[in-house]
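Only one structure is covered here, and it is reproduced in the block below.
Read-outs: derived from the displayed coordinates by stated rules, not from any lab. If you're wondering where the values come from, they're calculated on a predicted model, not measured in any experiment. Counting neighbours? That spans all protein chains shown, and the Cβs are built from the backbone with ideal geometry, glycine included.
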Protein chains: 2
Amino acid sequence: MKFDEAKQKFIQGWGSLGSNWGINRTMAQVHALLLISPVSLTTEEIMEELQISRGNANMNLRELITWGLIRKDLKPGNRKEFFYAEKDMWKAAMQIIKERRKRELEPLMQVLGELKNLDKEEKGEGVREFRKTIDNIEDVIAKADSALDKLSRAQDNWLLGGMMKLLK
Amino acid sequence: MKFDEAKQKFIQGWGSLGSNWGINRTMAQVHALLLISPVSLTTEEIMEELQISRGNANMNLRELITWGLIRKDLKPGNRKEFFYAEKDMWKAAMQIIKERRKRELEPLMQVLGELKNLDKEEKGEGVREFRKTIDNIEDVIAKADSALDKLSRAQDNWLLGGMMKLLK
DNA sequence: CTTATCTTTCAATTTATTTTGAAAGTTCAA
DNA sequence: TTGAACTTTCAAAATAAATTGAAAGATAAG
């Protein structure tokens, strides 16, 4: 396979993975492009490579920055902005998880918390099942949180010791 | 808070969580409704409760079945189909992860594998970074897989022993 | 069979999301 | 200041995804 072909396939693949997970396809493609680029790129280069408009490129670059997946790389004596991606995919994955947790899981947990303020007088089988489901969901979220936390700390300590034996 | 209000909030919240994660909002709402229902429901009841069309209800119910999140509950002497949801949220979560892995991660891993068939002659910094990124992603996926596997087995053995100390 | 009851399909429509590109905004060197 | 170089915004247009509902397809009872 030729390099350019492989590059295209990767960008497409990453894009479609993203869009399946509720992430803008173009954003994922910009991310993919920067991931495999050994040098930081300008907005123009990204527009050219992915054949997208300036507005689109700009918006997705900014969004990627707020996700903590890419950074501006300002080169002295150059007014153009360059962008580069965090290349350590473990860090990137943790970043994505952290961000999504904050954006989507926390609001749900907020709602679940409020739902426990059900009037004490509310009775009936329906209410019982409702409470049970809410408790159950909170439980699973708590466990997932704890597991992710462990995972994240395991990676931090990767070089320090045998923490990763947990994940062998 | 009144029960009906709480119920609505939960269904809406679950629905919007789903849609943020690339899951049809209505599908998530149907799932939510069945999760908190102590009895299995008919298509008609679901249509009524969520104010959706028959086609929509049918399609999402079928999809939930292929995800392994709900089942048909056929009552003898009754031609109507009833539906009920798996109520153990841990099982449901694992089911969702398994399914998404199969649908979205495996195709990507397939592509990544192919991308390693890069012509040996392909040289240059770009190619080096490309290979590095691919390897790195494969690595993260492998670790995530292993962690999930551990997690899943940990839950299976929950009642049997101290497996969960790993996740404290 | 035939009919009543229920489920599935799918083309047309509606709704939601993404993208464009031109205009407005910003920044900096001269 | 000015204006060239660059970035950001956002209303309109394009695209994608979800929904409807009527028709077709099953199925079982009589």
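Quick one: among A:Glu81, A:Glu129, A:Glu138, which has the greatest mean-square fluctuation in a GNM of chain A with alpha-carbon springs under 10 angstrom?
A:Glu129
Of A:Ile36, A:Ile97, A:Ile137, which is the most mobile in a GNM of chain A whose springs link Cα atoms less than 10 angstrom apart?
A:Ile137
Taking each residue in B:88-98, count the Cβ atoms of any other chain within 10 Å of its Cβ, then average. What number comes out?
So the per-residue partner count for this stretch is 3.
With a cut-off of 8 Å between alpha carbons and a minimum separation of six or more residues, what is the relative contact order of chain B in percent?
13 percent
If you bin every alpha carbon distance in the range A:59-150 into 5 Å steps from zero, what whole percent lands in each bin?
3, 10, 15, 15, 12, 10, 9, 7, 6, 5, 3, 2, 1, 1, 0
Taking 8 Å as the Cα distance limit and 6 or more residues as the minimum spacing, I'd like the relative contact order of the range B:44-119 as a percentage.
17 percent
So how far, in whole Å, is the C-alpha centre of the range B:42-57 from the one of the range B:76-130?
30 Å
Magnitude of the Cβ-charge dipole of the protein assembly as shown, K/R +1 and D/E -1, about the Cα centre, nearest 20 debye?
It comes to approximately 580 debye.
Given +1 on the Cβ of Lys and Arg, -1 on the Cβ of Asp and Glu, and no further charges, what dipole in debye does chain A carry about its Cα centre, rounded to the nearest 20?
Its charge dipole is roughly 480 debye.
Of A:Gly124, A:Gly55, A:Gly15, which is the most mobile in a GNM of chain A whose springs link Cα atoms less than 10 angstrom apart?
Comparing A:Gly124, A:Gly55, A:Gly15 in a Gaussian network model of chain A, the most mobile one is A:Gly124.
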